[in-house]
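Trainee: This is the structure, below, for whatever I ask next.
Every number in this text was worked out from the coordinates using simple rules, so none of it is lab data. Please read all numbers here as calculations on a predicted model, not as lab measurements. Here the Cβ positions follow ideal geometry from the backbone for every residue, glycine too, while neighbour counts run over all protein chains shown.
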Amino acid sequence: ELEETPMELGGEQGRWEEERLKTASLSFGAKKEREQGMKQEQEKYQLILEEEEMIDFVTTAITMKGTRSEKDAPALSQAEMKKQSMQEVRRSLPIFPYREDLLAAINKHQILVIEGETGSGKTTQIPQYLLEDGYTKGGMKIGCTQPRRVAAMSVAARVAEEMSVKLGNEVSLVHDCYTNTLSVTVPSSRLKLSVLLSSSVIIIDEAHERTLHTDILFGLIKDIARFRSDLKVLVASATLDTERFSCFFDDAPVFRIPGRRFPVDIFYTKVRLYLNPCVLVCEEIEACCELLQERCRRLGSKIAELLVLPIYANLPSDMQAKIFNPTPPGARKVVVATNIAETSLTIDGIIYVIDPGFCKQKSYNARTGMESLIVTPCSRASANQRAGRAGRVAAGKCFRLYTAWAYKHEMEETTVPEIQRTNLGNVVLLLKSLGINDLIHFDFMDPPPHETLVLALEQLYALGALNHLGELTKLGRRMAELPVDPMLSKMILASEQYKCSEEVLTIAAMLSVNNSIFYRPKDKVVHADNARMNFVVPGGDHLVLLNVYNQWVESGYSTQWCYENFIQFRSMRRARDVRDQLEGLMDRIEVEVVSCQGDSVPVRKAVTAGYFYHTARLSKGGYKTVKHQQTVYVHPNSSLFEEQPRWLIYHELVFTTKEFMRQVIEIESGWLLEVAPHYYKSKELEDSSSKKMPRKQGKTKEELG
Ligand code: CDP
Ligand code: MG
């Protein structure tokens with residue numbers, strides 16, 4: 001919400017877009033062609049192909065295979081007309097005049113970096129050009145990876161529409177099974193490495209986003225491309241830092257698609273303005289939409305009709321589709337977006353952009369192992385992308401809610417790649433399972449901090465996923481099958497031993513939907529809190545979550561039930577989806593799905609087996625983590641807030657006003673010796689000793705690496 005006073009505009013008004021337009025040019029082909037050093041690494045990957053090893057790191061990918069089947073050809077003339085107008089739209093895109101040049105360049109070079117303004121047609125057109133040019137001959141696929149599932153979904157639907165085919169045949173979506181709620185999937189819910197290996201072309205799209213998975217893909221694909229000289233690699237990026245990609249891929253040429261941007265006037269504020277701070281991204285977006293709608297209602301007929309539409313990753317797809325609908329005459333459309341709208345989605349007709357200058361970023365503290373989502377100023381590169389969204393169809397304006405000085409001096413040039421600010425447990429497990437043992441020398445575009453890598457190795461060793469030589473154990477191999485954090489997969493695997501996999505799967509699914517189960521509207525706080533209290537069972541929050549889920553199942557997955565109990569239906573639906581997908585994987589890792597019939601001890605032991613790293617003990621004024629003697633507190637929302645049991649395991653630490661433990665469960669200290677005898681010594685768990693540290697691992701960092 002903006003300050004009540006009218007915004008004072010002024011300061012600099014940049015015409016930087018115009019300048020960029022003038023300098024945009026097609027500079028291609030000048031770079032030296034690189035030698036295709038055929039390395040003897042073939043064996044490694046061949047082995048993987050045989051085993052049909054799975055990889056999880058491509059969150060979403062579109063694969064296109066084969067040619068169109070006749071039965072899908074539209075019979076109606078209306079469909080024919082639609083197809084024709086679609087073709088016209090395709091021909092009007094900035095990339096179209098460069099179709100032949102682009103295909104020639106792809107033919108000539110194994111690796112090509114493609115740079116183009118958002119909306120120029122990279123994502124939707126390049127796969128089709130390749131298809132038309134015969135790259136799917138012999139059953140080969142064209143793969144296009146997307147870091148965001150919303151974008152992947154929308155883009156796959158769009159490509160299918162342009163091709164007049166149904167989604168799921170020629171164009172399909174392969175996606176990560178964990179965080180996803182897609183309606184369209186291919187049989188395997190996880191991308192197989194064989195998709196990479198049976199493709200003629202791999203497009204790494206949105207490369208500039210530098211997500212963890214994109215960065216890992218860079219390293220892997222660079223390696224694979226060395227021995228698969230027939231594989232074409234296209235690195236598609238918005239107009240950002242493409243020289244870095246070129247450099248990483250041994251000076252691969254950069255193909256620049258000149259954008260058709262209109263000038264954007266930039267306005268800064270004289271003082272920093274803030275939007276209402278809230279807790280969760282989707283809540284913020286929804287809250288902002290509500291505020292806008294409320295304002296409109298108050299203004300009544302004084303202003304033209306305002307369509308206020310949210311867009312964020314977890315928004316149901318029918319709601320997402322709304323942002324693309326044309327605005328009725330006389331009305332105005334306002335899209336309230338997370339940074340998903342920065343580069344991955346193109347919404348036509350946007351003229352004004354309001355940029356608060358912040359982003360929510362994951363950050364990781366390798367010392368404490370704590371991951372947190374923090375609001376930080378965005379980078380200048382992000383700010384420029386945001387501004388650029390205003391100039392797609394006509395001259396636009398961008399209002400920056402910060403000063404010109406802040407832009408110049410307080411913002412970083414570019415965003416720090418995710419790999420440098422995240423927990424690497426999952427990635428290490430994945431790479432080890434692909435047979436890549438030497439992680440210290442893996443070809444990262446920007447290597448992660450050494451201590452983060454070492455911590456991940458240490459944790460995996462403590463969990464029993466790696467042996468003292470740093471090799472994957474049998475347990476580790478099974479853990480790698482599950483696309484979830486190592487502690488969570490250990491918990492799931494431990495449920496086998498304690499015969500409570502039914503319950504633990506539910507808990508894992510509920511934990512994964514990000515603390516957004518309980519709904520607490522401002523005007524019904526008392527009711528909501530009462531409803532929440534009714535779910536409380538002894539033992540801790542994990543068991544409360546289990547209780548909520550089980551009751552929901554009993555209600556027949558009812559929406560009404562959720563509404564009456566102040567439960568977020570959307571989150572429950574997602575939890576159900578995640579649970580289904582996890583259950584589907586139990587077969588692969590040979591865990592029988594059985595129930596412990598209401599006994600909470602086995603469940604709590606399984607949680608302990610996965611999360612023994614996260615033990616806290618009651619001490620004066622709060623709790624102390626056993627690992628770092630860090631003072632932490634039970635979150636006020638927890639069912640154990642009043643009770644304060646002696647020993648707790650927390651799911652995560654969040655820092656708001658204090659270090660809070662979120663989702664806690666009560667345990668007995670003796671269980672720690674049972675589940676992690678290699679990690680804890682009984683002396684350390686005596687209640688009198690408050691200063692003792694857990695035993696250090698026996699192996700040094702070098703031995704683990
Ligand atoms: O990848 P890039 O940002 O270069 O562009 P794109 O996503 O291929 O989009 C090209 C054009 O297709 C844009 O003008 C979009 O408006 C349109 N498009 C659409 O109408 N619906 C979608 N779901 C995706 C793209
Ligand atoms: Mg794109």
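Trainee: What is the distance, in nm, between label points placed 7 Å from the Cα along the Cα-to-Cβ direction at GLU410 and at HIS678?
Mentor: Roughly 4.9 nm, to one decimal.
Trainee: Using the structure shown, list the pairs from LYS222/LYS490; LYS122/LYS232; LYS137/LYS232; LYS83/LYS141 with a Cα-Cα distance above 20 Å, or answer none.
Mentor: The answer is LYS222/LYS490; LYS83/LYS141.
Trainee: Computed FRET efficiency, Cβ-Cβ of SER555 and LYS83, R0 51 Å: what is it to the nearest 0.05?
Mentor: 0.65
Trainee: Which of LYS474, LYS605, LYS522, LYS360 has the fewest other C-beta atoms within 10 Å, and how do the rest follow up to the most? Display every interim value, and only then the final one.
Mentor: Working: LYS474 10, LYS605 21, LYS522 7, LYS360 14.
In increasing order of surrounding Cβ atoms, one gets LYS522, LYS474, LYS360, LYS605.
Trainee: Using Cβ counts within 10 Å as a stand-in for footprinting exposure, how do TYR650, TYR613 rank, fewest first?
Mentor: TYR613, TYR650
Trainee: Moving on to the next point. Just rank ASP348, ASP577, fewest to most, by other beta-carbon atoms within 10 angstrom.
Mentor: Details: ASP348 9, ASP577 18.
Ordered by Cβ neighbours within 10 Å, fewest first: ASP348, ASP577.
Trainee: Of the peptides 234-246, 204-216, how do they stack up when ordered by the mean number of other Cβ atoms within 10 Å, highest first?
Mentor: Ranked from most to least packed, the peptides come out as 204-216, 234-246.
Trainee: Can you give me the long-range amide H partners of LEU306? Hydrogens built in the peptide plane at 1.01 Å from N, cutoff under 5 Å, separation of 5 or more residues or another chain.
Mentor: ARG332
Trainee: Translational D (Stokes-Einstein, µm²/s) of region 322-408 at 37 °C and 0.692 mPa s when Rh comes from the Kirkwood sum over C-alpha pairs? If you can, show how the numbers build up before the last one.
Mentor: Numbers: Rh = 14.7 Å.
Estimated via Stokes-Einstein, D reaches 223 µm²/s.
Trainee: How many Å³ per residue does the convex hull of the Cα positions in region 442-523 occupy?
Mentor: Dividing the Cα hull volume of region 442-523 by its residue count gives 158 Å³.
Trainee: Checking the table LYS302/LYS522; LYS362/LYS620; LYS624/LYS658 against a 25 Å threshold on Cα-Cα, which pairs fail?
Mentor: The answer is LYS302/LYS522; LYS362/LYS620.
Trainee: SER619's amide H: which non-local residues (gap 5+, or another chain) put their own amide H closer than 5 Å, with H modeled 1.01 Å from N in plane and none for Pro or chain starts?
Mentor: LYS624
Trainee: Give me the orientation-averaged projected area of the Cα convex hull of region 337-477, in nm², one decimal.
Mentor: For the Cα atoms of region 337-477, the hull's average projected area reads 10.8 nm².
Trainee: Work out from phi, with θ = phi - 60° and the Karplus expression 6.51 cos²θ - 1.76 cosθ + 1.60, the ³J(HN,Hα) of each residue of region 383-390, listed in order in whole Hz, and give x for Gly and Pro.
Mentor: Couplings: 4, 5, 4, 4, 4, x, 5, 7 Hz.
Trainee: Step through the residues of region 488-504 one at a time and calculate ³J(HN,Hα) from phi using the Karplus curve (6.51 cos²θ - 1.76 cosθ + 1.60, θ = phi - 60°), rounding each to whole Hz and writing x for Gly and Pro.
Mentor: 5, 5, 5, 4, 5, 5, 5, 5, 5, 4, 8, 6, 9, 5, 3, 5, 5
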